[in-house]
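Sharing a structure, written as C-alpha cells. Questions coming.
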Amino acid sequence: MPEIISSIAAFAEKYKGAGFLNAKEDSRINALKRYFQKGGVARFSSESKDSFPKLIYPSKPRVQQLMQDSVVLKDQFERKLKDWKKANGDAKVYHLKLHAKKLASPTYWKHVGKKITDKDYRDDAEKVKLPAELISDKKYKAMVEMFVNNLDYRKQLSETVQNSIVYKNSGNRLAKHLDEVQEFRTGISEDKIKDISKKLSEVNADLEMFETIKKMTAE
C-alpha cells in the first residue's frame, strides 16, 4: 500500500531527484505545501520520478466535498463582512443619524423652545451640557424626556452634575457619551472587518488549493 505522506518535506524526500521538484514555481507544489500545513495527509499512486504523481488520497469526491465546505464558509464570511461593513458605515454617521432623528421628536422641539423662553431651564441645560441628540438614543431617551418635562428631576440632575465627584473627575459623561458610542462601534466593526477579511482570504486560498489538488487526483 502506498505510504501516507503528511509533509512537503516527506514528499520531497520520497521523490528526491525528480525534475518537478526543481521547478521555481509550481502550483501543484504550492498547493501540497498548503494542504500539508493545514494538517492534510496524502497517498500517491506512483513511485516514478519521471512525472508528477497522481493522488489516490484525497480522492476526487473527497476534494470536491472539502471544496463545498469551503464554499459554505466563504458565503458565511461574505455575509458577515457585508453586515459589519454596514455597521461600520452606520457608526461613522452616528451623529448625523441622531441629528436627523431628533428633528422628528416633539421632545426635542420642546427642549429648544424652553431654552429660548425659560432662563432657569436654559441655565440647567447649560450646567448639565445636555446633548439634544440623546433624545434619539434609546439608552438616554427617557432621561432626556424627564429632564425636559420634570422640574424636580431636572434640578436633581443639575445638582448632581455640579457636585458629584464622579463628574468632576471624569468630565461630563453625557457630553462624552455620543463620541464614546461612535468610537466604540467604529472600533469594534473595524476589528471585525479586519478579522473576517483575513478569514475570507484564507478560504479563497483554500479553494484555489483544492482546485489544484483536484486536478492532481487519479480518476
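The values are calculated or read from the model by the stated rules, or taken from the named source; none is laboratory data. Keep in mind that what you see is a predicted model, and the values were worked out from it rather than measured. All Cβ positions, glycine included, derive from the backbone under ideal geometry; neighbour counts span all protein chains shown. Heads up: the accessible areas ignore ligands, DNA and RNA and are worked out on the full protein's heavy atoms, side chains in. Shrake-Rupley method; radii C 1.70, N 1.55, O 1.52, S 1.80 Å.
Taking segment 124-148 as the region of interest, how many residues are touching a residue at least 40 places away in the same chain (Cβ under 8 Å) and either β-branched (Val, Ile, Thr) or under 15 Å from Lys110 (Cα atoms) (or both)?
Adding up the residues that qualify gives 6.
Scan Glu47, Glu133 and give me the residue that is assigned to a helix (DSSP H, G or I) and out of contact with any strand residue (DSSP E or B) (no Cβ under 6 Å at 6 or more places or on another chain).
Sole residue among the options that is assigned to a helix (DSSP H, G or I) and out of contact with any strand residue (DSSP E or B) (no Cβ under 6 Å at 6 or more places or on another chain): Glu133.
For the structure I just gave you, tell me whether Ala91 is within 30 Å of Asn204 (Cα to Cα), assigned to a helix (DSSP H, G or I) and touching a Lys or Arg at 6+ places or on another chain (Cβ under 8 Å).
Against the criterion (within 30 Å of Asn204 (Cα to Cα), assigned to a helix (DSSP H, G or I) and touching a Lys or Arg at 6+ places or on another chain (Cβ under 8 Å)), Ala91 qualifies.
Right, another one. Looking at segment 139-152 only, could you name the residues that are assigned to a helix (DSSP H, G or I), open to solvent by 60 Å² or more (accessible area, probe 1.4 Å) and over 19 Å from Lys119 (Cβ atoms)? Walk me through how you get there before you give the answer.
To start, the set of residues in segment 139-152 that are assigned to a helix (DSSP H, G or I) comprises 141-149, 151-152.
Now drop any that are not open to solvent by 60 Å² or more (accessible area, probe 1.4 Å), which leaves 141-142, 145-146, 149, 151-152.
Of everything in segment 139-152, those that are assigned to a helix (DSSP H, G or I), open to solvent by 60 Å² or more (accessible area, probe 1.4 Å) and over 19 Å from Lys119 (Cβ atoms) turn out to be Lys141, Ala142, Glu145, Met146.
Give the residues of segment 75-86 that are in contact with a helix residue (DSSP H, G or I) (Cβ under 8 Å, 6 or more places away or on another chain) and surrounded by fewer than 17 Cβ atoms within 10 Å (Cβ to Cβ), sorted by residue number.
Glu78, Lys80, Lys85, listed by residue number.
What are the residues in segment 10-30 that are small (Gly, Ala, Ser), at pLDDT below 90 and either open to solvent by 20 Å² or more (accessible area, probe 1.4 Å) or more than 17 Å from Glu47 (Cα to Cα) (or both), if any?
Correct list: Gly17, Gly19, Ala23.
Step by step: first the residues of segment 142-200, then only those that are among the hydrophobic types (A, V, I, L, M, F, W, C) and at pLDDT below 75, then the one that is farthest from Lys92 (Cα to Cα). Which residue is that? Before you say what the answer is, go through the steps one by one.
Filtering segment 142-200 for residues among the hydrophobic types (A, V, I, L, M, F, W, C) gives 142-144, 146-148, 151, 157, 161, 165-166, 174-175, 178, 181, 184, 188, 193, 196, 200.
Then keep just the ones that are at pLDDT below 75; that gives 165-166, 174-175, 178.
Numbers: Ile165: 32, Val166: 29, Leu174: 19, Ala175: 18, Leu178: 12 Å.
Residue satisfying both the conditions and the ranking: Ile165.
Ok, one more. In segment 67-83, what residues are aromatic (Phe, Trp, Tyr) and either more than 23 Å from the chain's Cα centre (by Cα) or under 16 Å from Val181 (Cα atoms) (or both)?
none
Here is a follow-up. Restricting attention to segment 45-66, which residues are within 31 Å of the chain's Cα centre (by Cα) and buried (at least 17 other Cβ atoms within 10 Å of the Cβ)?
Val63, Leu66
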